Amino acid sequence: MRQGKGRKDRQTLLPPKLLELLRAYWRLEQPRTWLFPGANGTRPISPKAVFLACRSAAVAAGISKPVHPHSLRHAFATHLLESGTDLRTIQILLGHANLQTTARYLQVADVAVRSTLSPLESLQVSLTQP
């Protein structure tokens, strides 16, 4: 994304499955000016429409907590961290200049914390006496 928030360029992932979905959408809708046009087609989709779509998707998924578009950034960062992506990579993907900003997004699930192995586990220690 060029010139996003703070006039900064951002990079993100474009997984093959998402690219396939976007191509199918493109073939079906054939948008002209905007990939996701607003109601009248001459302007991009509005922030309010995106918010309402997020809320609708949360309700359909049975999520009772408040959900907004920014929630997706938190979920994205958390899933990356839980899958083993290093913090620096997450920082770059989120477009943060400061690592502390990235750290605020990372809400590691209790399961991930409890399943973390201690470095001691990798040592070959014998419990028998010599």
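The numbers here are math on the coordinates, done by the rules we state, and not lab data. Values in this document were obtained by computation on a predicted structure and should not be read as measured data. Neighbour counts are summed over all protein chains in view; Cβ atoms, including those assigned to glycine, are modelled from backbone coordinates with ideal geometry.
Numbers for the structure displayed
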quantity	calculated
Residue-span extension gain [PHE36 to LEU21] - 0.36 nm each, minus C-alpha spacing	4.1 nm
Residue exposure sequence - VAL50, VAL59 - by fewest surrounding Cβ within 10 Å	VAL59, VAL50
Ascending count of other beta-carbon atoms within 10 Å, so fewest first, for GLU82, GLU29	GLU29, GLU82
Over the chain, relative contact order from alpha-carbon pairs under 8 Å, at least 6 apart, %	19 percent
R0 of 30 Å, Cβ-Cβ distance ALA103-GLN11: FRET efficiency to nearest 0.05	0.95
Modelled FRET efficiency - R0 22 Å, ILE92 with ARG2, Cβ distances, 0.05 increments	0.90
